[in-house]
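What follows is one structure encoded as structure tokens, with my remarks underneath.
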Amino acid sequence: MNIRNIAIIAHVDHGKTTLVDKLLQQSGTYRDNQRQVERAMDSNDLERERGITILAKCTSVVWDDTHINIVDTPGHADFGGEVERILSMVDGVIVLVDAAEGPMPQTKFVVGKALKLGLKPIVAINKVDRSDARVTEVVNEVFDLFAALDATDEQLDFPILYGSGKNGWMSDKPDGSHEDGMRPLFELVMKHVPSPSVEEGPFRLLGTILEANPYLGRIITGRIASGTVKPNQTVKVLSRDGKLVESGRISKILAFRGLERVPLDIAEAGDIVAIAGLTKGTVADTFCDPSVDTPIQAQPIDPPTVSMS
Ligand code: GDP
């Protein structure tokens, strides 16, 4: 299975939800899942049994036989280490900026983390249909922001798309000439964002998002760093310092598919999945095969200020 893992970083109201909706629609993912959601809502019991209620605000769209997982990032510094952990699940970010408002200070924090993690940004100037759009200026503001956040030359050489999520298009031309729906965005993600790097070895996943679900219990979401995992498999949980937190059986594996999560019979390295069945393991713990002794190095809560280059 081909996978791309990305995050969209956007200030509130700059159009993230609308954009993701169009990506779902134009990839054909939306219609299938929409039917499933409607069906599920016909029967709450069925929905509960399958555990497919929408949990974290993550989405997956299928394009060209590739699952593009889109994870949501908390937009605020209050989330501390969580932003780093979430961003360390992805291999690329789309920085979505309103063509009239320009980059907002609130997104600086998350953009800064993404750049520090070495992610190569794609910049999407959104809402170019606004009469007060000031596209050239906003591109310069984004460049200045990245430079102020110590972006590398490679990161400053970002590809730019211009478009209108609302009207369902993104183009590499500011005037939207040769407009072809969301295809340019999909193609840029496929080209610019590497597939997830996976390591050899047995199953390992770094716990990244913790949720409580009334029917499935504790749910941990993370990216599978190595190996594969199946329901009923026995796993252990290691804390950051390598201590055994618990051993237990995975009851369910859920993957993002469209707007909901679907149960999987097997999940592979590189994919972002949610697992249920463990009772103590938490964020920053490593969920792994019993043969593993070394936890995955989580991003530190307070990143060192020394240069990592
Ligand atoms: P989010 O908070 O980033 O998820 O933003 P939303 O997707 O909810 O959009 C915020 C507002 O901007 C809504 O009123 C949208 O209809 C509007 N909007 C989204 N995309 C566009 C666009 O391309 N052009 C214009 N003019 N408005 C847009």
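The values are calculated or read from the model by the stated rules, or taken from the named source; none is laboratory data. Values in this document were obtained by computation on a predicted structure and should not be read as measured data. FYI the Cβ positions are ideal-geometry reconstructions off the backbone, even for glycines, and counts take in every protein chain you see.
Annotations
- In the stretch 5-25, the residues that are over 16 Å from V123 (Cα atoms) and of a type in the set (K, R) form Cβ pairs under 8 Å with partners that are modelled with pLDDT of 90 or more and within 10 Å of the ligand (Cβ to nearest atom), at six or more places apart or across chains, as follows: K22/G165; K22/G168.
- Conditions (1) out of contact with any Ser or Thr (no Cβ under 9 Å at 6 or more places or on another chain); (2) modelled with pLDDT under 95; (3) among the acidic types (D, E): number failed by E179: (1)
- Odd one out for D98, checked against (1) within 20 Å of I6 (Cβ to Cβ); (2) of a type in the set (D, E, K, R); (3) away from the ligand (no atom under 16 Å from the Cβ): (3)
- Residue within the stretch 217-235 that is farther than 22 Å from I94 by Cα, in contact (Cβ under 8 Å) with a residue 60 or more places away in the chain and assigned to a loop (DSSP other than H, G, I, E, B) present: yes
- Any chance G270 is surrounded by 21 or more Cβ atoms within 10 Å (Cβ to Cβ) and modelled with pLDDT under 95: no
- For P103, the criteria (1) assigned to a helix (DSSP H, G or I); (2) more than 11 Å from the ligand (Cβ to nearest atom) hold in every case but one, which is (1).
- Pairs with Cβ under 8 Å, 6+ apart, first in the stretch 152-168 and touching a residue at least 40 places away in the same chain (Cβ under 8 Å) and closer than 14 Å to V97 by Cβ, second assigned to a helix (DSSP H, G or I) and polar (S, T, N, Q): G165/T18
- Single residue of V142, V123, V138, V128 found to be assigned to a strand (DSSP E or B) and either buried (at least 16 other Cβ atoms within 10 Å of the Cβ) or more than 16 Å from the ligand (Cβ to nearest atom) (or both): V123
- Some residue of the stretch 193-210 being among the charged types (D, E, K, R), in a strand (DSSP E or B) and away from the ligand (no atom under 16 Å from the Cβ): yes
- Of all residues in the stretch 145-158, those satisfying the criterion of being part of a loop (DSSP other than H, G, I, E, B) and charged (D, E, K, R) are D150, D157.
- Test for P174: is it within 26 Å of A100 (Cα to Cα), part of a loop (DSSP other than H, G, I, E, B) and touching a residue at least 40 places away in the same chain (Cβ under 8 Å): yes
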